[in-house]
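Have a look at the structure below, then the notes.
The values are calculated or read from the model by the stated rules, or taken from the named source; none is laboratory data. Quick caveat: nothing in here was measured; it's all calculated off a predicted structure. FYI the Cβ positions are ideal-geometry reconstructions off the backbone, even for glycines, and counts take in every protein chain you see. In case anyone asks, the SASA skips ligands and DNA or RNA and just uses the protein heavy atoms, side chains included. Shrake-Rupley method; radii C 1.70, N 1.55, O 1.52, S 1.80 Å.
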Amino acid sequence: MQEILRDRGVEFDVVEYLKQPLDRAGLEHVLEAIPDAPDALVRKDKRFAELGLRAEDYVSRTAVTDLLLRHPELMQRPVVFRGTRAMIARPAETVLELLD
């Protein structure tokens with residue numbers, strides 16, 4: 001994704017949220033900016049399963065925010081902002097939608 005942005009001359013900042021986890025306001029800002037349902041921000045991967053979590057319990061903004069405050073490693077990434085809009089850039093080419 002970074003290569004796509006560089007190739008198009010787009011300046012960007014990288015926020016390493018595992019080193020500096022987002023607070024509640026930051027997570028709510030992301031949820032407001034993405035066009036997806038709140039649960040799209042949650043990685044339902046091996047770690048999710050290891051924690052014994054159920055996807056149906058994490059569909060509301062509040063539940064997703066609470067979960068990601070406790071387990072920031074479950075946040076889907078990367079999230080790319082452009083102005084007030086954001087996309088979960090997975091696959092990386094999804095970021096092109098923000099550049100149009």
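Counting other Cβ atoms within 10 Å, keep those with at most 11, restrict to DSSP loop, and tell me which trypsin sites (Lys or Arg not before Pro) in the chain are left. Don't skip to the answer; put the middle values down first.
Numbers: sites: ARG6, ARG8, LYS19, ARG24, ARG43, LYS44, LYS46, ARG47, ARG54, ARG61, ARG70, ARG82, ARG85; in loops: ARG8, LYS19, ARG43, LYS44, ARG54.
Answer by residue number: ARG8, LYS19, ARG54.
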Task: Whole-percent carbon and sulfur share, accessible surface of the chain, 1.4 Å - done: 48
Open item on the list: Rounded to whole Å, give me the distance from the Cα center of the range 50-100 to that of the range 17-38.
Closed with: 7
Task: Cut-off under 5 Å, modelled amide H: who pairs with ALA89 long-range - done: VAL79, VAL80
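Let me check I've understood the local charge: for ALA33, count other residues with C-beta under 14 angstrom from its C-beta, Lys and Arg +1, Asp and Glu -1. What total comes out? Intermediate values should be presented prior to the final figure.
Numbers: positive: ARG61, ARG82, ARG85; negative: GLU28, GLU32, ASP36, GLU97.
Here the charged neighbours net out to -1.
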Task: Rounded to the nearest 10 Å², the accessible area of ASP36 at probe 1.4 Å - done: 70
Task: Nearest-0.05 FRET efficiency for VAL14 and ASP57, computed from C-beta distance (R0 25 Å) - done: 0.25
- [ ] Taking the chain as the reference, fit the longest principal axis to its C-alpha atoms, fit the long axis of helix 24-33 to the helix C-alpha atoms, and give the angle between the two in degrees, 0 to 90, nearest 10.
- [x] 60
- [ ] Quick one: go through the range 1-27 and flag any residue whose amide nitrogen is under 19 Å from the point 7 Å out along the Cα-to-Cβ line of GLU73.
- [x] 16-23
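With +1 assigned to the C-beta of every Lys and Arg and -1 to the C-beta of every Asp and Glu, and no other charges, what is the dipole magnitude of the chain about the Cα centre in debye, to the nearest 20? Please report the intermediate quantities before stating the final value.
On the way: 15 positive and 19 negative charges, 42 e Å.
Result for the chain is approximately 200 debye, rounded to the nearest 20.
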Task: Correct option for Cα Rg over 2.2 N^0.38 Å [calculated from the coordinates] among (1) 1.13; (2) 1.08; (3) 1.19 - done: (2)
TODO: Would you look at the GNM of the chain, springs on alpha carbons closer than 10 Å, and say which of PRO35, PRO21, PRO78 moves the most?
DONE: PRO35
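Taking Cα pairs under 8 Å and at least six residues apart, what relative contact order does the chain come out at, in percent? Don't jump to the answer; show the numbers that get you there.
On the way: 99 pairs, mean separation 30.0, N = 100.
Relative CO of the chain lands at 30 percent.
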